[in-house]
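Okay, structure first, notes after.
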């Protein structure tokens, strides 16, 4: 079972922002599209996926998000983005990329990693 990662932001995660976040963690990672572009997987030089991130979804009424995460820092609609990273050392770059995405977007980050 992978680590589950969620981001709540005022704008969607784009490929450009994902690549920027990944480059700051490991410049050798390569993106690969999955499911016709519904998800992007970042793989290392051994073809091991360190992060799989789904397209962001617009949530018009953030009530349910606020129930799960607490009050949002911004009013109005929010973007919900889900991702997964492997357990153990292979997933550490993925979690660091999610943290970098959170910083770049000013997003709230939730990582369910069993700790």
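The values are calculated or read from the model by the stated rules, or taken from the named source; none is laboratory data. What you are looking at is a predicted structure, and each value in this text was computed from that prediction instead of being measured. Please note: Cβ atoms are built from the backbone with ideal geometry, for glycine as well, and neighbour counts cover all protein chains shown.
Of everything in the stretch 45-55 that's touching a helix residue (DSSP H, G or I) at 6+ places or on another chain (Cβ under 9 Å) and surrounded by fewer than 19 Cβ atoms within 10 Å (Cβ to Cβ), which residue is modelled with the lowest pLDDT?
In this case the residue turns out to be 48.
Would you check which residues across the stretch 1-44 are crowded, with 18+ Cβ neighbours inside 10 Å, farther than 22 Å from residue 77 by Cβ and in contact with a strand residue (DSSP E or B) (Cβ under 7 Å, 6 or more places away or on another chain) and list them?
Answer for the stretch 1-44, where residues must be crowded, with 18+ Cβ neighbours inside 10 Å, farther than 22 Å from residue 77 by Cβ and in contact with a strand residue (DSSP E or B) (Cβ under 7 Å, 6 or more places away or on another chain): 3, 22, 29, 40, 41, 42.
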